[in-house]
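Right, one structure below, let's go through it.
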């Protein structure tokens, strides 16, 4: 009875009940999926300057993925794979494992001051950052992007991120908890879009 009265009062006052965060996030990702579908069907859809990144632990396990839109990394990485079977079976999460294996190998054969790995393809460029004790950042960008002027901006962002969410990342490494990851990924997506805007405005 009391709850009914509250609901009636809310209707009278024209106040809508607050949406649950889960519903809002579902709506958000549904919109992102529509964007991805539209992008995939567009012949002229070009590679953005900064596509996204994968944060992994030192064993190569993916912890978080930042993308300019949901599915961007997989879309652009697979775009040039002509063989349908290879494209279908390609696992994006193997990339951090490969990068971290190279990092470990370099340590074992005593390569000093390995700052990162840079690989360039026809459709995408990969740039890995090893400057963090517990994490490896693998960045994906347009192959024609000049990343040098943005290296400090990118490194500073992740330095601040790991400091701000130090406890959360420690918990993720210990328990594989991903409750906070979604929030971090959404903020990372917004940062990527701002980074793209800054790059395009300076071009």
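Throughout, read-outs are computed from the coordinates displayed, never taken from laboratory work. It should be emphasised that the depicted structure is a prediction, and the values quoted were computed from it without experimental measurement. Cβ coordinates were reconstructed from backbone atoms using ideal geometry, including for glycine residues, and neighbour counts include every protein chain displayed.
Using the Stokes-Einstein relation with a Kirkwood hydrodynamic radius computed over Cα pairs, the translational diffusion coefficient of segment 47-202 at 25 °C and a viscosity of 0.890 mPa s comes to 151 µm²/s.
Listed by Cβ neighbour count within 10 Å, with the fewest neighbours leading, 155, 100 appear as 155, 100.
Among 182, 141, 94, the ranking by other beta carbons within 10 Å of each residue's beta carbon, starting with the fewest, stands as 94, 182, 141. Counted by neighbouring Cβ atoms within 10 Å, the residues 66, 140 run from fewest to most as 140, 66. Approximating the spin labels as points 7 Å out from Cα along Cα→Cβ, the residue 152-to-residue 166 distance works out to 2.4 nm.
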